[in-house]
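Undergrad: Input: one structure, supplied below.
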2 protein chains.
Amino acid sequence: MIDKLADRIMELEAPIVVGLDPTLEMIPDRIKKEAVDRCGANLKAAASMLFDFNKEVIDGICEIVPAVKPQIAMYERFGADGVTAYLKTTEYAKSKGLFVIGDVKRGDISSTAEAYAAHIGGVEFEGLRFDPWHEDAVTINPYLGIDGVKPFLKVCEKNDKAIFVLVKTSNPSSAELQDLILESGGAVYEHAADLVSSWGEATVGASGYSKVGAVVGATHPAQGAALRKRMARTFFLVPGYGAQGASGKDLKGFFDADGGGCIVNSSRGIIAAWKSDDRYGENDVAEAAAFAALAMKADLREAFTR
Amino acid sequence: MIDKLADRIMELEAPIVVGLDPTLEMIPDRIKKEAVDRCGANLKAAASMLFDFNKEVIDGICEIVPAVKPQIAMYERFGADGVTAYLKTTEYAKSKGLFVIGDVKRGDISSTAEAYAAHIGGVEFEGLRFDPWHEDAVTINPYLGIDGVKPFLKVCEKNDKAIFVLVKTSNPSSAELQDLILESGGAVYEHAADLVSSWGEATVGASGYSKVGAVVGATHPAQGAALRKRMARTFFLVPGYGAQGASGKDLKGFFDADGGGCIVNSSRGIIAAWKSDDRYGENDVAEAAAFAALAMKADLREAFTR
């Protein structure tokens with residue numbers, strides 16, 4: 001998946017993943033009204049409007065960017081109906097040729113991680129294979145160490161999938177644990193980076209990158225550039241662009257010398273563009289998303305092109 | 001919730017939480033067959049058998065122990081149908097008077113954590129409140145710091161709920177990040193412990209414990225005892241008993257001087273007891289679970305009673 005993603009990024013000249021993290025506030029009234037009229041004032045309606053909204057966004061951006069990253073929390077909040085909307089979203093995105101990175105940040109002990117690995121590996125039941133999740137990759141939390149990663153590694157190898165492990169996150173309080181300095185030198189996140197590199201070592205593909213990527217926040221440009229040098233074979237998933245504060249010029253260091261090795265996430269800036277850009281209205285979800293994705297592509301050009 | 005849980009533990013003399021982590025291998029053929037006959041060979045059948053099995057376990061243990069802890073990975077593997085089985089399980093457990101600790105190990109940046117907080121806070125939609133998750137508490141991963149915790153804290157205060165933050169996990173590779181020694185002294189997990197204590201400080205209730213608990217693995221008795229002293233107002237959720245290797249005598253140090261402050265999880269040892277204990281057969285899921293829970297209560301007596 002990483003090799004193919006790297007190729008597709010170069011083909012589109014767009015190292016961009018669109019974060020499908022919809023809140024109800026972002027959804028046009030016409031979509032909301034239609035869902036409530038059809039389902040009633042219940043969680044089925046909430047889920048239905050999430051999916052209908054995502055569909056318009058996906059239609060707008062599917063030929064501009066290579067990938068989407070739905071944040072499962074935005075769906076889980078609505079219970080099983082919300083999860084259904086998540087699954088319909090990932091399925092629809094796949095049908096439009098997009099790579100799907102499930103932002104689930106799972107991480108657990110080995111027997112549990114084996115169950116979570118169904119996200120990218122599917123599940124066997126009554127001698128049949130099912131793949132309810134339609135994800136090409138998921139994000140993983142490293143706090144439990146390799147036990148929580150190993151079952152995913154097996155699936156990555158077998159089904160050509162990938163994982164992105166949290167190394168240095170984009171949020172303000174990421175420093176509380178991640179930046180602690182170790183007696184042996186370096187910070188916790190640098191040690192996590194070394195673990196992530198070693199976990200992926202045996203899975204390096206034709207692109208030169210392993211199937212174990214790293215999440216490195218755009219809000220930390222200096223650390224990002226240093227990590228880029230430290231983890232030469234690790235693909236970066238970079239959140240924190242746009243609404244969280246970082247812009248294209250901050251991101252040069254996250255890319256390799258040849259402009260590869262990195263995909264940058266934008267959520268609100270693209271999916272809610274119809275609302276934040278005066279030139280667009282509630283019928284322009286797709287077009288406003290396309291415009292915002294193109295604007296981001298231009299903004300990243302300096303960082304991306306070599 | 002922590003105050004009430006502490007009371008109920010003393011009332012039952014059972015500092016025990018039953019981990020509802022079913023695998024298909026644990027489920028009797030009669031339950032499996034009935035589900036497949038009814039639903040067909042699909043994920044609805046898989047989900048249905050998880051819930052039917054849990055129901056029998058819950059019936060067996062609901063007057064012996066105060067709480068259950070379903071591990072959501074075991075349900076998520078089956079997609080949205082699996083999540084439905086999880087929600088039916090939590091709802092049924094609540095209806096039987098059990099506290100429900102959702103073992104979801106979520107943790108994310110603030111806007112996302114706000115969405116995840118619906119697990120214990122419910123969600124508002126069209127002016128109505130919904131609580132699809134039926135959880136009294138959830139487990140949380142601390143790698144992102146307070147940003148991922150704050151939205152939960154608000155709900156804990158408002159709705160008398162709780163969270164249990166991973167400090168020192170029970171699995172073998174927990175040492176990879178958690179045991180790293182800091183330049184300032186102590187290990188990463190000890191620093192996490194101090195953060196968890198401080199996050200809970202303002203929420204200490206009548207029981208003397210805060211609404212921010214800690215996950216501390218039973219497989220680390222020395223560290224557990226040291227953490228008990230370090231975090232006097234933090235309630236411990238202790239996995240790793242039984243199948244993962246720890247027994248009652250290892251656990252004395254996890255309890256306070258008055259026998260409080262701790263609840264120990266057992267999953268396979270209780271829910272799959274019908275299979276591992278020769279005296280029971282496939283019609284004895286509830287009774288075997290009850291027997292195993294009582295055996296665990298006796299095994300913990302020495303650690304628990306003061």
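Undergrad: Only one of B:S197, B:S170 is buried (at least 19 other Cβ atoms within 10 Å of the Cβ) and under 25 Å from B:D7 (Cβ atoms). Can you tell me which?
TA: Working: B:S170 fails: under 25 Å from B:D7 (Cβ atoms).
One residue alone meets the criteria, B:S197.
Undergrad: Applying the selection to segment A:13-23, what residues are surrounded by 18 or more Cβ atoms within 10 Å (Cβ to Cβ) and either over 30 Å from A:T305 (Cα atoms) or among the charged types (D, E, K, R) (or both)? Show your work before the answer.
TA: Here is the first cut: in segment A:13-23, the residues surrounded by 18 or more Cβ atoms within 10 Å (Cβ to Cβ) are A:14-22.
Passing the criteria: A:D21, A:P22.
Undergrad: Being touching a Pro at 6+ places or on another chain (Cβ under 8 Å) and under 21 Å from B:W274 (Cα atoms) is the filter; apply it to segment B:70-92 and report the residue that is surrounded by the fewest Cβ atoms within 10 Å (Cβ to Cβ).
TA: Filtering first and then ranking leaves B:T89.
For every residue, the table says whether it meets (1) under 20 Å from B:V100 (Cβ atoms); (2) within 13 Å of the chain's Cα centre (by Cα); (3) crowded, with 23+ Cβ neighbours inside 10 Å.
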{"residue": "B:M231", "(1), (2), (3)": "no, no, yes"}
{"residue": "B:G245", "(1), (2), (3)": "no, no, no"}
{"residue": "B:F255", "(1), (2), (3)": "no, no, yes"}
{"residue": "B:G259", "(1), (2), (3)": "no, no, no"}
{"residue": "B:C262", "(1), (2), (3)": "yes, yes, yes"}
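Undergrad: Exactly one of (1) among the small types (G, A, S); (2) away from chain A (no Cβ under 12 Å); (3) in a loop (DSSP other than H, G, I, E, B) is unmet by B:G185. Its number?
TA: Failed condition: (2).
Undergrad: Next up: Could you say whether any residue in segment A:150-166 is more than 8 Å from chain B (Cβ to nearest Cβ), closer than 20 Å to B:G148 by Cβ, buried (at least 24 other Cβ atoms within 10 Å of the Cβ) and of a type in the set (A, V, I, L, M)?
TA: Filtering segment A:150-166 for residues more than 8 Å from chain B (Cβ to nearest Cβ) gives A:150-165.
Of the ones still in play, those that are also closer than 20 Å to B:G148 by Cβ are A:163-165.
Within this subset, residues satisfying the condition of being buried (at least 24 other Cβ atoms within 10 Å of the Cβ) are A:163-165.
If we keep only those that are of a type in the set (A, V, I, L, M) as well, we get A:163, A:165.
Yes: segment A:150-166 contains one or more residues that are more than 8 Å from chain B (Cβ to nearest Cβ), closer than 20 Å to B:G148 by Cβ, buried (at least 24 other Cβ atoms within 10 Å of the Cβ) and of a type in the set (A, V, I, L, M).
Undergrad: Would you mind telling me which numbered condition in (1) modelled with pLDDT under 95; (2) of a type outside the set (D, E); (3) surrounded by fewer than 19 Cβ atoms within 10 Å (Cβ to Cβ) A:N283 fails?
TA: Just one mismatch for A:N283, condition (1).
Undergrad: From the set of residues in segment B:19-57 that are assigned to a helix (DSSP H, G or I) and among the β-branched types (V, I, T), which is nearest to B:F99 (Cα to Cα)?
TA: Here is the first cut: in segment B:19-57, the ones assigned to a helix (DSSP H, G or I) are B:24-26, B:29-39, B:43-57.
With among the β-branched types (V, I, T) added as a condition, the list becomes B:31, B:36, B:57.
On the way: B:I31: 26, B:V36: 31, B:V57: 15 Å.
Of everything passing the filter in segment B:19-57, B:V57 is nearest to B:F99 (Cα to Cα).
Undergrad: Can you work out which of the residues in segment A:119-149 that are at the interface with chain B (Cβ under 7 Å from one of its Cβ atoms) and closer than 24 Å to A:A192 by Cα is nearest to the chain's Cα centre (by Cα)? Write out each step before concluding.
TA: Residues of segment A:119-149 that are at the interface with chain B (Cβ under 7 Å from one of its Cβ atoms), as a first pass: A:123, A:125-126, A:128, A:130, A:132-133, A:141-147.
Filter once more, keeping what is closer than 24 Å to A:A192 by Cα: A:141-147.
Details: A:N141: 14, A:P142: 16, A:Y143: 19, A:L144: 21, A:G145: 21, A:I146: 21, A:D147: 22 Å.
Going through the qualifying residues, I end up with A:N141.
Undergrad: Within segment A:86-132, considering only strands (runs of 3 or more DSSP E) that don't extend past its boundaries, which have at least 1 residues that are charged (D, E, K, R) and more than 24 Å from A:L166 (Cα to Cα)?
TA: Working: elements: A:99-106, A:123-125, A:128-130.
Because the criterion is at least 1 residues that are charged (D, E, K, R) and more than 24 Å from A:L166 (Cα to Cα), the strands (runs of 3 or more DSSP E) in segment A:86-132 that meet it are A:123-125, A:128-130.
Matching residues to (1) in contact with a strand residue (DSSP E or B) (Cβ under 9 Å, 6 or more places away or on another chain); (2) more than 24 Å from B:M296 (Cβ to Cβ); (3) within 11 Å of chain A (Cβ to nearest Cβ); (4) not hydroxyl-bearing (S, T, Y):
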site: B:K4; (1), (2), (3), (4): yes, no, no, yes
site: B:D7; (1), (2), (3), (4): no, no, no, yes
site: B:E11; (1), (2), (3), (4): no, no, no, yes
site: B:D21; (1), (2), (3), (4): yes, no, yes, yes
site: B:D29; (1), (2), (3), (4): no, yes, no, yes
site: B:A35; (1), (2), (3), (4): no, yes, yes, yes
site: B:C39; (1), (2), (3), (4): no, yes, yes, yes
site: B:N42; (1), (2), (3), (4): yes, yes, yes, yes
site: B:A47; (1), (2), (3), (4): no, yes, yes, yes
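The values are calculated or read from the model by the stated rules, or taken from the named source; none is laboratory data. Since the structure is predicted, the reported quantities are computational estimates derived from the model, not experimental observations. Cβ sites come from the backbone with ideal geometry, for glycine too, and all protein chains shown count toward neighbours.
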